[in-house]
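First the structure, in the form of structure tokens, and then the observations on it.
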Amino acid sequence: MPATKAQPKEMLPIVDKPAIQYIVEEAVKSGIESILIVTGRNKKTIEDHFDKSVELEQILKKKGKTDLLLEAQNITDMAKIHYIRQKEPLGLGHAILCAEQFIGDEPFAVLLGDDIMVSDPPALKQLMDVFDQTGSTVIGVQPVQHSEVNKYGIISAVAQTNQILHVKDLVEKPSPAKAPSNIAIMGRYVLKPSVFSILKTQKPGAGDEYQLTDALQQICHQENLLALELNGERFDIGDKLGYMKAIIEMGLEREELHPELFNYLQEVVKKEIRKVRKKAAV
Ligand code: G1P
């Protein structure tokens, strides 16, 4: 706030792309061809972004701006994107339930719109590989600071092999005193369609919302639930500092921006050190 007063946070630009485009690109790079974006009130600009912009394409063609034209076309063509509206903000579990008809009877992936992951291979691909090898529901996790556990779904687990953990229990947003560990769910999941029947009978949980974590807790008591410690860096763009870090890191990833941005950051650090020293000398 206030940047997200009249626009969805998923449309906040990170360098030159809205956050949601990074998420869609991660899914596409992982091999996903069909995407359903669960939107809500105030999120129409997401649909406009992935829609074909005939006027813009004509202007770019006329001006001979081929690079930009290809980029605009690529946004529209990279995947089959569908939309469904979650009519009330009743929680992540409820949002996923909105996708039941679209999914049908196949395993599917969930990527949360405010968690940007920078990794190679993409975070989702890492999870899909584990699913292909094991056939088990698998969630992406990373350790977080103990003081921050109340922002996440937290797992209790035992190590299996190669960064794979066997989940024993999960709790959504526990207080640091009650958290079973500091291993947090990172907004990437590969789920089986059986999760829908659990979500349908579930009661609201933390924050009075229907929580996916609560459905996963039932799954882990009924069958094998795995967690994979994801390689890569995660940015929470729903958090002011996380958003600023994402812009800097994504800028540094761009070859054309790296040299000047790197120099600029060095200058900023030097300037700040000078300020601190001056203050200390007073
Ligand atoms: C959601 C999930 C939580 C997960 C988090 C990751 O929470 O409910 O389990 O750890 O995303 O970002 P939210 O951030 O939507 O409150």
What size of dipole, in debye to the nearest 20, comes out for region 1-97 about its Cα centre when the only charges are +1 on Lys and Arg C-beta atoms and -1 on Asp and Glu C-beta atoms? 320
Applying the Karplus parametrisation 6.51 cos²θ - 1.76 cosθ + 1.60 with θ = phi - 60° to the phi angles of region 154-159, what ³J(HN,Hα) value in whole Hz is obtained for each residue in order, glycine and proline being reported as x? 10, 10, 10, 8, 10, 5
Excluding same-chain residues fewer than 8 positions from Lys9, which aspartates and glutamates have a Cα within less than 13 Å of its Cα? Asp114, Asp115, Asp236, Asp239
How large is the helix-only mean residue ellipticity at 222 nm for the chain, computed as the sum of -39500 (n - 2.57) over DSSP H runs with n ≥ 4, divided by its residue count, in deg cm²/dmol to the nearest 500? -12500 deg cm²/dmol
Determine the percent antiparallel among the DSSP beta bridges restricted to the chain, to the nearest 5. 70
Quote the charge dipole size of region 200-274 about the Cα centre in Debye, to the nearest 20; the model charges only the Cβ of Lys and Arg (+1) and of Asp and Glu (-1). 240
Could you tell me the calculated FRET efficiency between Arg85 and Lys5, based on Cβ-Cβ distance and R0 = 30 angstrom, to the nearest 0.05? 0.90
What does the charge dipole of the chain about its Cα centre add up to, to the nearest 20 debye, if the Cβ of each Lys and Arg holds +1 and the Cβ of each Asp and Glu holds -1? 1220
Ranking Ser197, Phe235, Gln211 by how far each Cα lies towards the positive end of the charge dipole of region 192-251 (+1 on Lys and Arg Cβ, -1 on Asp and Glu Cβ), the top one is Ser197
Arrange Leu92, Leu252 by Cβ neighbour counts within 10 Å, fewest through most, would you? Leu252, Leu92
Over the Cα atoms of region 157-270, each weighted equally, I'd like the Debye log10 I(q)/I(0) at q = 0.19, 0.24 Å⁻¹, rounded to two decimals. -1.08, -1.43
If amide hydrogens are placed 1.01 Å from N in the peptide plane, which non-local residues have theirs closer than 5 Å to the one on Ala157? Lys168
Those lysines that a straight Cα-Cα span of less than 28 Å connects to Lys168, excepting residues fewer than 8 apart in one chain: Lys125, Lys151, Lys178, Lys192, Lys200, Lys203
Fewest to most Cβ atoms within 10 Å: His94, His258 sort as His258, His94
Summed residue charge, Cβ within 12 Å of Pro176's Cβ, Lys/Arg positive, Asp/Glu negative: +2
Just need the relative contact order of the chain here, percent rounded to a whole number, with Cα pairs under 8 Å and 6+ apart. 20
Separation between the Glu106 and Glu55 pseudo-spin-labels, each 7 Å from Cα along Cα→Cβ, expressed in nm? 3.6
Calc'd 3J(HN,Hα), region 220-237, phi into Karplus 6.51 cos²θ - 1.76 cosθ + 1.60 (θ = phi - 60°), Hz, glycine/Pro = x, comes to 5, 8, 9, 8, 6, 10, 10, 10, 10, 6, 6, 7, x, 10, 10, 10, 9, 7
Provide Rg and Dmax in Å for the chain, with only Cα atoms included in the calculation. 20.8, 69
In region 75-222, with Lys and Arg counted as +1 and Asp and Glu as -1 at Cβ, which of these residues, Gln126, Ile81, Ala99, has the Cα nearest the positive end of the dipole, that is, farthest along it? Ala99
Put +1 on the Cβ of each Lys and Arg and -1 on the Cβ of each Asp and Glu in region 223-282; which of Ala281, His258, Met244 then has its Cα farthest toward the positive end of the dipole? Ala281
What shape does region 86-185 take by its C-alpha gyration tensor, where a ≥ b ≥ c are the square roots of the eigenvalues and a/c under 1.5 counts as rounded, a/b above b/c as prolate, and the rest as oblate? oblate
Taking a quarter of the surface of the Cα convex hull of region 31-81, what do you get in nm²? 4.1
Can you tell me what the convex hull of the Cα atoms of region 233-282 projects to on average, as an area in nm²? 4.4
By Cβ neighbour count within 10 Å, fewest first, Ile273, Ile139, Ile116 rank Ile273, Ile116, Ile139
For Cys98, enumerate residues with amide H under 5 Å from its amide H, sequence gap 5+ or separate chain, H modeled in the peptide plane. none
Find me the longest stretch of the chain that has none of the exposed GluC sites (Glu not before Pro), where exposed means in a DSSP loop (not H, G, I, E or B) with at most 16 other Cβ atoms within 10 Å. 34-222
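Every number in this text was worked out from the coordinates using simple rules, so none of it is lab data. Not measured: the values here are computed from a predicted model. A quick note on method: Cβ atoms are made from the backbone with ideal geometry, for glycine too, and the neighbour counts reach across all protein chains shown.
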